[in-house]
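Chemist: One structure is given below, represented as structure tokens, and several questions about it will come after.
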Amino acid sequence: MKLFSNNKNRGFTLIEVMVALTIIAISLGALLNTSGTQANSAGYLKNKTIAHWVAVNELTQLRISKEFPDTGDKKSSTEMANHDWYWIRTTKKTEDEDARQVTFTVYADKEYQKNLSTLIGYANR
């Protein structure tokens, strides 16, 4: 009777299986972390894009209305994509008396803390 055989069809040892499972668990954890980060980034980029559209629309509306804005700050809000976007319009004089520099800064919150987009444009008489 032979106690040890040199059988070539030996399976994996328990240690080898445990090492393989550990590697798979670490890999899956990293994959889940990465996919969660990508989901957060996609939401942030969506909000940033919409905030930029709000700023572009407000500047365009200012130009269409032919309004020559007074210098200083004006706060207001706009609804777009089922969300209220809060913005501050800052108007400054330029060297040309018939032109004003207009900066729209768009925020996601009513407290004007989460700045998502800033757009600088000009309004003419």
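Chemist: What are the residues in segment 65-116 that are part of a loop (DSSP other than H, G, I, E, B) and either more than 30 Å from S41 (Cα to Cα) or β-branched (V, I, T) (or both), if any?
Modeler: S65, K66, E67, F68, P69, D70, T71, T94, E95, D96, E97, D98
Chemist: Any residue at all in segment 69-90 that's under 18 Å from R125 (Cβ atoms) and touching a Gly at 6+ places or on another chain (Cβ under 8 Å)?
Modeler: Looking for residues that are under 18 Å from R125 (Cβ atoms) and touching a Gly at 6+ places or on another chain (Cβ under 8 Å), one finds none in segment 69-90, hence no.
Chemist: Kindly check whether there is at least one residue in segment 81-99 that is surrounded by fewer than 18 Cβ atoms within 10 Å (Cβ to Cβ), within 16 Å of the chain's Cα centre (by Cα) and at pLDDT 95 or above.
Modeler: So far as segment 81-99 goes, no, none of its residues is surrounded by fewer than 18 Cβ atoms within 10 Å (Cβ to Cβ), within 16 Å of the chain's Cα centre (by Cα) and at pLDDT 95 or above.
Chemist: From (1) more than 18 Å from I120 (Cβ to Cβ); (2) surrounded by 14 or more Cβ atoms within 10 Å (Cβ to Cβ), pick out the condition that doesn't hold for S65.
Modeler: (2)
The values are calculated or read from the model by the stated rules, or taken from the named source; none is laboratory data. The shown structure was predicted, so the numbers you read here are calculated from the model rather than taken from an experiment. Note that each Cβ is placed from the backbone with ideal geometry, even for glycine, and that neighbours are counted across all protein chains shown.
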